[in-house]
Amino acid sequence: MTELEELIELINKKEKLVAMLAPSFPIMFDYPGIITRLKKLGFGYVMEVSEGAKKTNEELVDLMMKNPKSRYITTPCPTIVRMVKKQMPEYAKYFTHGVDSPMVATAKIAREKFPEYRPVFIGPCIVKKMEAKEDIPELGIIVVTYTEILQVFEKFKIEEEINFEDKFDVAGTGATRLYPVDGGLSHSSGVLDKLGEGAVKIVSSWKNCIEAIRDFDTNTKIRLLDILFCDGGCIGGPGIKSGFTPQEKKQKILDYYQKNSF
């Protein structure tokens, strides 16, 4: 059974579900319309994954401050993690072990706040499915992409609708709403200021990843490699269906951040 089929079955059974919406959602969905549709679909609560990203940032900064001579490759991107482990295992030593990805951090918040509800991550990444199943099966996260949730809306005839009273049950206000753009982690966590000029390298796109990792290994001036596999960051994920250019996608994220950073 696929994740999509599992979600449809759970909705049919009226199981208790909590949605965890990745911060790239403004590229495809209006706010708060997406909350309205998810609630009509049967989700009891809707959480913003950018809230979990705050915990990711805290854990990363704490790790770096406690180990001032250590150097790290960020691990929120499951594609990078798997690529390194399979193709470049000698560099896995740089991973930020003990730092949860925003998805995992959000699922842990969900377990605390809504213990009877099954967490469903909705985002742009297909490899998150592997992260959920292989790395943290105990959290029981179901992962579907934005394009898949559109299929679910279509199946259950959930039309576009906006109730302006709808809002996130757990909102991730602040700069972590910029997480899906390349460098979002570095900018929202404050590591650029904490580590100083030249100590952080920001890279996105699969075409640049291997060279960047090898360069990081030899260039000891770089303490943190903030790296994402997709072009422009998570805004380039395969689970996004959009005719927007990379710059237009980035602007969607910036607009949402600027209008809703209450």
**Complete:** Computed ³J(HN,Hα) along segment 36-47: with the Karplus parameters 6.51/-1.76/1.60, θ = phi - 60°, integer Hz and x for glycine or proline, the list is 4, 5, 5, 5, 5, 5, x, 6, x, 9, 10, 10
**Request:** Measure off 7 Å from each Cα along the Cα-to-Cβ vector at PHE244 and LYS13, then give the distance between these two points in nanometres to one decimal.
**Result:** 3.6 nm
**Helix-only CD estimate at 222 nm, as mean residue ellipticity for the chain, using -39500 (n - 2.57) per DSSP H run (n ≥ 4)** = -12500 deg cm²/dmol
**Request:** Would you mind computing, in nm to one decimal, how far apart the modelled labels at LYS40 and GLU112 are, each placed 7 Å from Cα along Cα→Cβ?
**Result:** 3.4 nm
**Fill in**
Quotient of Cα radius of gyration and Kirkwood radius for segment 3-260, i.e. Rg/Rh, equals 0.97
**Prompt:** With each label point set 7 Å from Cα along the Cα-Cβ vector, what nm distance links THR2 and LYS69?
**Reply:** 5.1 nm
**Asked** Distance from the Cα centre of segment 97-173 to that of segment 29-49, in angstrom?
**Response** 11 Å
**Prompt:** Ordered by packing density, taken as the mean number of other Cβ atoms within 10 Å over each peptide's residues, highest first, how do 8-18, 137-147 rank?
**Reply:** 137-147, 8-18
**Prompt:** How far is helix 3-12 tilted, in degrees, relative to the longest principal axis of the Cα atoms in the chain, given as a value from 0 to 90 rounded to the nearest 10?
**Reply:** 30 degrees
**Asked** How far is helix 102-113 tilted off the main Cα axis of the chain, in degrees rounded to 10, range 0 to 90?
**Response** 50 degrees
**Request:** Rank by packing, highest mean first: peptides 160-169, 23-32, 101-110, 125-134, with packing defined as the count of other Cβ atoms within 10 Å averaged across residues.
**Result:** 101-110, 23-32, 125-134, 160-169
**Message:** When a/c reaches 1.5 or more, the comparison of a/b and b/c decides; with that in mind, is segment 142-243 rounded, prolate or oblate per its Cα gyration tensor?
**Reply:** oblate
**Hits among lysines - C-alpha to C-alpha of LYS93 under 20 Å, sequence gap 8 or more where chains match** = LYS66, LYS69, LYS85, LYS201, LYS221
**Message:** Angle check, please: helix 206-218 long axis (alpha carbons) against the longest principal axis of the chain (alpha carbons), in degrees 0 to 90, nearest 10.
**Reply:** 40 degrees
**Request:** For ILE126, enumerate residues with amide H under 5 Å from its amide H, sequence gap 5+ or separate chain, H modeled in the peptide plane.
**Result:** GLY239
**Where a label projected 7 Å from the Cα of LYS194 along Cα→Cβ would reach, residues of segment 74-99 with amide N under 17 Å** = 74-76, 95-99
**Asked** What percent antiparallel are the DSSP beta bridges of the chain, to the nearest 5?
**Response** 5 percent
**Asked** Name the residues of segment 224-262 whose amide N is less than 12 Å from a point 7 angstrom out from the Cα of THR173 along the C-beta direction?
**Response** 260-262
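If the chain between GLN87 and GLU161 were fully stretched, how many nm would it gain, using 0.36 nm times the residue separation less the Cα-Cα distance?
Extra length available between GLN87 and GLU161 comes to 22.1 nm.
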**Prompt:** With r defined as the distance between the Cβ atoms of ASN219 and ASP62 and R0 fixed at 25 Å, what FRET efficiency is calculated, to the nearest 0.05?
**Reply:** 0.55
**Request:** State, as an integer percentage, the relative contact order of segment 3-260 based on alpha-carbon contacts under 8 Å between residues 6 or more apart.
**Result:** 27 percent
**Fill in**
At the level of C-alpha centres, the distance separating segment 194-262 and segment 60-81, in angstrom, is 15 Å
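Here, each number is a calculation from the coordinates, and none is a lab measurement. From a predicted model like this one, the values you see are computed outputs, not experimental measurements. Neighbour counts are summed over all protein chains in view; Cβ atoms, including those assigned to glycine, are modelled from backbone coordinates with ideal geometry.
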